[in-house]
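Asker: Following this message is one structure expressed as structure tokens.
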Amino acid sequence: MKMGGNYADYKNKDKIKKQVKVKAGKIKRSLKNKKIGLTSKFFFIIFRMTQTNGWNKTDSDYWRDKGWLNGKKPY
């Protein structure tokens, strides 16, 4: 395809648009169904424990703003 998205010269432009839309939908669905592994959960718990002691105020504030110190989880 031409640069800039101008592909009026292509006879299969509708077919290309449909294929792109289907692929984008598959990618979007796969991102929604992403599973978090046990290792990631373990490290999140460890890092949450380090944030509760107030050692690094900037990080602690960030975690508190996200609600992760109050039991909310990013996964």
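Asker: With respect to Asp59, is the statement that it is assigned to a helix (DSSP H, G or I), modelled with pLDDT of 85 or more and exposed (fewer than 11 other Cβ atoms within 10 Å of the Cβ) true?
Answerer: no
Asker: For the range 62-75, give me each residue that is among the charged types (D, E, K, R), in a helix (DSSP H, G or I) and surrounded by fewer than 11 Cβ atoms within 10 Å (Cβ to Cβ).
Answerer: Asp65 - this is the single residue of the range 62-75 that is among the charged types (D, E, K, R), in a helix (DSSP H, G or I) and surrounded by fewer than 11 Cβ atoms within 10 Å (Cβ to Cβ).
Asker: Restricting attention to the range 23-53, which residues are part of a loop (DSSP other than H, G, I, E, B) and loosely packed, with under 10 Cβ neighbours inside 10 Å?
Answerer: Asn33, Lys34, Lys35, Gly37, Asn53
Asker: Next up: Can you pull out every residue in the range 17-39 that is among the aliphatic types (A, V, I, L, M) and under 18 Å from Pro74 (Cα atoms)?
Answerer: Those that are among the aliphatic types (A, V, I, L, M) and under 18 Å from Pro74 (Cα atoms): Leu31, Ile36, Leu38.
Asker: Only residues in the range 34-62 that are aliphatic (A, V, I, L, M) count as the first member; pair them with residues that are outside any helix (DSSP H, G or I), Cβ under 7 angstrom, at least 6 apart or cross-chain, and list the lot.
Answerer: Taking only residues 6 or more apart or on different chains, the pairs are Ile36/Tyr75.
The values are calculated or read from the model by the stated rules, or taken from the named source; none is laboratory data. Because the structure is a prediction, the values reported are computed rather than measured. With ideal geometry, Cβ positions are generated from the backbone for all residues, glycine too; neighbour counts draw on all protein chains shown.
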